[in-house]
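What follows is a single structure, written as structure tokens, with notes after it.
The values are calculated or read from the model by the stated rules, or taken from the named source; none is laboratory data. Since we're looking at a predicted model, the values are computed, not measured. Using ideal geometry, Cβ is built from the backbone for each residue, glycine included, and neighbour counts are taken over all protein chains shown. Protein only, heavy atoms only, side chains kept; ligands, DNA and RNA dropped before computing areas. Shrake-Rupley method; radii C 1.70, N 1.55, O 1.52, S 1.80 Å.
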Amino acid sequence: MATSDTPRRRPTLKEVARVAGVSHQTVSRYLRFDGGLKESTRERVDAAIRELDYRPNLIARSMRTRRTGRLAILLPSVSTFSPDRMLAGAIATGHAAGFVVEVLSVDGGPEDRTERTLELAGSGQVEGVLALAPLTPGGDRPPADGAPVVVSADFDDDMRGIGGLADGSVVADLVEGLAESGHRRFLHVSGSLGFASARERKRTYLATVERLGLESHGVVDGDWSADSGREAVRALAADSGVTAVIAGNDVVAAGVVRGALDRGWSVPGDLSVTGWDNNPVGAYLSPALTTVDVDRERLGARAMERLVAVVRGTEPQSAEEPLNRIIWRESTGPAPRG
């Protein structure tokens, strides 16, 4: 049987309308995510699009309407921090607002990201760009008639947390909670001080201990590793008087717990331990780890909400709620007597 090499003609919007039994204006509204359509109408249009394998010409449409239904997220190609949870929150929020969301990884530094951002903003292929790492000055000002750009203020150039991610104020709540349980002498094992988050947790720890009239055995400047936590505890003098350790994150805290067990100390009987990040495995340790949960999904969602609001000329809907909350578990308890 002979076959034709002639390319298959692309179905038109009017053909979709005919199959769905609606007007072509209704199909256009469906494709623009304008809302206001009955569910039965949306289902008929969706079925017709799938039956005909209709694919709108986004570039042609954007030239007419400046709307493509697409948003872009840019992030560095390599980072010390995994943005998975933040991206999940941003993408889900974009989808809920009716947009297709594309994630692009860009090699190089802020100059390269800025060039790619402005290129995208002026391409007519997206309605907005969300940058999850810093751009050079002016990088958030797109070309004339270009798509808006929103830059998240939560990361530095190496994707190390700043802004809300570096907020160490919850350390004060940890120390206060332990002080209420009778603890008076503390140790802090920090993360790498190249991170703003580690520096802020250390600063808050020292300020809170002084404010409450407590005692600090000192600060061990760690590197986010379990080994740094283990060695910090193993180096404690037997008469140090430390009954509580504030660890830089859950990995460090796991090392602190192991160091205590190596010395024959019980947690929390002899030593209370807190972490940070709510690593899922922490809830299954014995004892389960007291930690600080950081709502990174909410962080991504807030960034995307800002972009959607700029694109639509509206105000973001959700309130600015704290990202961090303490989860008290078995690794903390009353200070030992005597």
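Remark: pairs (first residue in segment 169-191, closer than 14 Å to residue 335 by Cβ and free of Cβ contacts under 8 Å to residues at least 60 places away in the same chain; second residue β-branched (Val, Ile, Thr) and outside any helix (DSSP H, G or I); Cβ separation under 8 Å; 6+ apart in sequence or on different chains) = 185/242; 185/243; 187/219; 187/220; 187/242; 187/245; 187/246. Taking the criterion of being outside any loop (DSSP other than H, G, I, E, B) and buried (at least 24 other Cβ atoms within 10 Å of the Cβ), the residues of segment 261-281 that qualify are 272, 273, 274. Residues that are of a type in the set (Gly, Ala, Ser) and assigned to a helix (DSSP H, G or I) within segment 197-226 comprise 197, 198, 207, 226, listed in sequence order. Quick check on residue 325: is it basic (Lys, Arg) and under 26 Å from residue 103 (Cα atoms)? No: the conditions fail for residue 325. Being modelled with pLDDT under 90 and hydrophobic (A, V, I, L, M, F, W, C) is a description that does not apply to residue 253. Within segment 172-215, the set of residues being closer than 19 Å to residue 257 by Cα and either touching a helix residue (DSSP H, G or I) at 6+ places or on another chain (Cβ under 9 Å) or surrounded by 18 or more Cβ atoms within 10 Å (Cβ to Cβ) (or both) comprises 174, 175, 178, 183, 186, 187, 188, 189, 190, 191. Just to be sure I understand, how many residues within segment 227-260 are within 18 Å of residue 333 (Cβ to Cβ) and outside any helix (DSSP H, G or I)? Total satisfying the criteria: 7.
Scanning segment 216-245 for residues that are over 30 Å from the mean Cα position of the chain (by Cα), open to solvent by 50 Å² or more (accessible area, probe 1.4 Å) and not small (Gly, Ala, Ser) yields a count of 4. Scanning segment 15-30 for residues that are in a helix (DSSP H, G or I) and either open to solvent by 50 Å² or more (accessible area, probe 1.4 Å) or touching a residue at least 60 places away in the same chain (Cβ under 8 Å) (or both) yields a count of 5.
Within segment 301-338, being surrounded by fewer than 19 Cβ atoms within 10 Å (Cβ to Cβ), β-branched (Val, Ile, Thr) and in a loop (DSSP other than H, G, I, E, B) holds for one residue alone: 314.
Quick check: is even one residue across segment 282-300 open to solvent by less than 20 Å² (accessible area, probe 1.4 Å), more than 30 Å from residue 88 (Cβ to Cβ), of a type outside the set (Val, Ile, Thr) and assigned to a loop (DSSP other than H, G, I, E, B)? Taking every residue of segment 282-300 in turn, none turns out to be open to solvent by less than 20 Å² (accessible area, probe 1.4 Å), more than 30 Å from residue 88 (Cβ to Cβ), of a type outside the set (Val, Ile, Thr) and assigned to a loop (DSSP other than H, G, I, E, B).
The numbered conditions (1) open to solvent by less than 50 Å² (accessible area, probe 1.4 Å); (2) over 30 Å from residue 296 (Cα atoms); (3) modelled with pLDDT of 85 or more are all true for residue 99 except (2). A count restricted to segment 105-129 and to residues that are over 20 Å from residue 309 (Cα atoms) and part of a helix (DSSP H, G or I) stands at 8.
Among residues of segment 126-153 that are in contact (Cβ under 8 Å) with a residue 24 or more places away in the chain and surrounded by 15 or more Cβ atoms within 10 Å (Cβ to Cβ), those with a Cβ under 8 angstrom from a residue that is basic (Lys, Arg) and assigned to a loop (DSSP other than H, G, I, E, B), sequence gap 6+ or separate chain, pair up as 127/66; 127/67; 149/141. Within segment 82-96, if we keep just the residues that are free of Cβ contacts under 8 Å to residues at least 24 places away in the same chain and under 21 Å from residue 280 (Cα atoms), the residue that is least open to solvent (accessible area, probe 1.4 Å) turns out to be 82. Go over the candidates 321, 297, 330 one by one and state the one that is within 30 Å of residue 130 (Cβ to Cβ), out of contact with any Gly (no Cβ under 8 Å at 6 or more places or on another chain) and either touching a residue at least 12 places away in the same chain (Cβ under 8 Å) or not hydroxyl-bearing (Ser, Thr, Tyr) (or both). Result of the check over 321, 297, 330: 321.
Of all residue pairs spaced 6 or more apart or on separate chains, those with beta-carbon atoms under 8 Å, a first member in segment 267-284 that is closer than 10 Å to residue 244 by Cα and a second member that is among the small types (Gly, Ala, Ser) and open to solvent by 40 Å² or more (accessible area, probe 1.4 Å) are 272/181.
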